[in-house]
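Here's the structure we're looking at; comments come further down.
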Amino acid sequence: MTADRGETPPGTAGAGIADLTLDAKVAAVDVPPELLAQSLGQYLRAWWLRVRSGNSGVLPVVLAIVVVAVSFQVANSKFLSPQNLVNLFEQSTVYMVLAMAEIFALLLGEIDLSVGLVMGLGSVMVAELVQPTGADFPWWLAIIVMLLACSGFGAIQGWLVARLKMPSFIVTLGGLLILEGVAIIVLGGALVGIGNSRFTNEVVLYDIFYGQFSPVVSWILLAVLVGAAGAWLWVRDARKRRHGLETPPRSLTALKIVLMAAAGIAVAAICNVNRAHFGTIEGVPYIIPIVLVVLAASTVLLQRTRFGRYVYAIGGNPEAARRAGVSLPRVRIWGFVLAALTAGIAGVLFASWQVSLTTNIIKTANSYVLLAVAAAVIGGTSLFGGRGKTIHGVLGGLVIGGIYNGLYLLGVSSQWIDVVVAAVLIAAAIIDVLSRRGAPRQA
């Protein structure tokens, strides 16, 4: 009688077909859409399925950037002016690099509260080492020595977390306090500056943040970067096709290259506008390609190497990774080393940005760890490990920089700026929690 009414009892073929359909949808959500799609239309449909399942990728942060830009432009017409946009790009770079440093820990399901002070101590070290009255190191040697010191400190913290199984929160909190004290001792209450034009090493460090390429060199550099990246994407996909591997549609690869070129042209055009009130200041700042190099290197490391796959495996399910033969302690130690190394690079940018370093600057660096976590999470990196990319740190850093820049233009006090950034961070964390909770059911 049940069959006569058109109903399908449990255990019949109809229920099995429904289960298979559900399993297919789950698989479609888990597999990147570029591996399933044969055309651009299929890619967009598969991407939308992932968004609906909770895996929204960079969509929320892209929408946040649009909202920030539109809101502040309406409130103050100077926000999207070339002069202010270049200033915004430059100020956001420290947040971006520091967020990329934090992402190495977050992907492992850990947290590194010391990255802000690693940056602070790194900035003090590099400024002290180039002083003609001190060590008088060449600028490149000062940077290398500082990065090695930061990496060594990261290795110690990683060893305590991985080998002694101490909570990363406690270890890096202690590291934060140690580094703050050491940085203040190194400064000795004096002011250390790198803006003296008489000494070549200080000039080079100063120009890292404030120098720029000429407009002609900026366009040539853009053509080389876009050409190289576009050729690499196209050749990589062509090689996969020849070996019978799954590849994204050619139209999708072409679209990525076009979007990359359009973004580069927009940035170069904005930077090549004269932004000086008196005289001439034009061209792409040195600091933008520096951040792009850090982004490219960290992306290749995490997305294209065995180490990167191990990082994601440990962050997603450490027990499964261990059973698969992954050395959890070694990968975790290297994760903290890379976090400290990247924070040291941020220290070079921070020293160049601040020009003069005092104990007050070191105490200010204490708050940068919160901004680093905020930028990473706002960009789309999960607080629970196993999900995120370094590009999320760049996009999240741009949001943080945009909020600070826009509210300063409106004359809002720093206390309220912190409240707004905290609110955005909490909203991003809520989205992360809900997407994690809802993804399996909605798939």
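Can you give me the relative contact order of the stretch 213-284 as a percent, contacts being Cα pairs under 8 Å and 6 or more apart? Result for the stretch 213-284 is 45 percent. The helix-based estimate of mean residue ellipticity at 222 nm for the chain, built from -39,500 (n - 2.57) per DSSP H run of four or more residues and divided by its residue count, is -24500 deg cm²/dmol to the nearest 500. Axis of helix 287-303 versus longest Cα principal axis of the chain: the two differ by about 40°, to the nearest ten degrees. If the segment from residue 419 to residue 75 were pulled out straight at 0.36 nm per residue, it would be longer than the present Cα-Cα gap by 122.0 nm.
Once both axes come from the Cα atoms, what is the angle between helix 328-354 and the longest principal axis of the chain, in degrees from 0 to 90, rounded to 10? Once rounded, one gets 40 degrees. Just the protein heavy atoms count here, and of the accessible area of the chain at 1.4 Å, carbon and sulfur take up 67 percent.
Once the C-beta distance of residue 214 and residue 429 is scaled by a Förster radius of 45 Å, the resulting FRET efficiency is 0.55 to the nearest 0.05. Per-residue packing, averaged as other Cβ atoms within 10 Å, sorts the ranges 334-343, 81-90 into the order 334-343, 81-90, beginning with the highest. Between residue 328 and residue 305, the simple spin-label model (points 7 angstrom out along Cα→Cβ) gives 2.3 nm.
Highest mean first, the peptides 298-305, 205-212 sorted by other C-beta atoms within 10 Å per residue fall in the order 205-212, 298-305.
Relative to the dominant Cα principal axis of the chain, helix 368-379 is inclined by about 30°. With both labels modelled 7 Å from their Cα along Cα-to-Cβ, the residue 292 to residue 370 distance reads 3.4 nm.
Once the Cβ-Cβ distance of residue 178 and residue 243 is raised to the sixth power relative to R0 = 60 Å, the FRET efficiency obtained is 0.75. Per-residue extension of 0.36 nm, minus the Cα-Cα distance of residue 136 and residue 258, leaves a gain of 39.3 nm for this segment.
The listed peptides 368-374, 140-146, ordered by packing as a protection proxy, come out as 368-374, 140-146 (highest mean of other Cβ atoms within 10 Å first). Within the full protein context, the accessible area of residue 166 is estimated at about 70 Å² for a probe radius of 1.4 Å. Out of [x] 146; [y] 188; [z] 177, which label holds the value of volume of the Cα convex hull per residue in Å³ that was computed here? The value computed from this structure is option [y].
Between the alpha-carbon centres of the stretch 179-238 and the stretch 84-119 there is a gap of 16 Å.
The values are calculated or read from the model by the stated rules, or taken from the named source; none is laboratory data. It should be emphasised that the depicted structure is a prediction, and the values quoted were computed from it without experimental measurement. Glycine gets a Cβ as well: all are built from the backbone with ideal geometry, and neighbour counts include every protein chain shown. Protein only, heavy atoms only, side chains kept; ligands, DNA and RNA dropped before computing areas. Shrake-Rupley method; radii C 1.70, N 1.55, O 1.52, S 1.80 Å.
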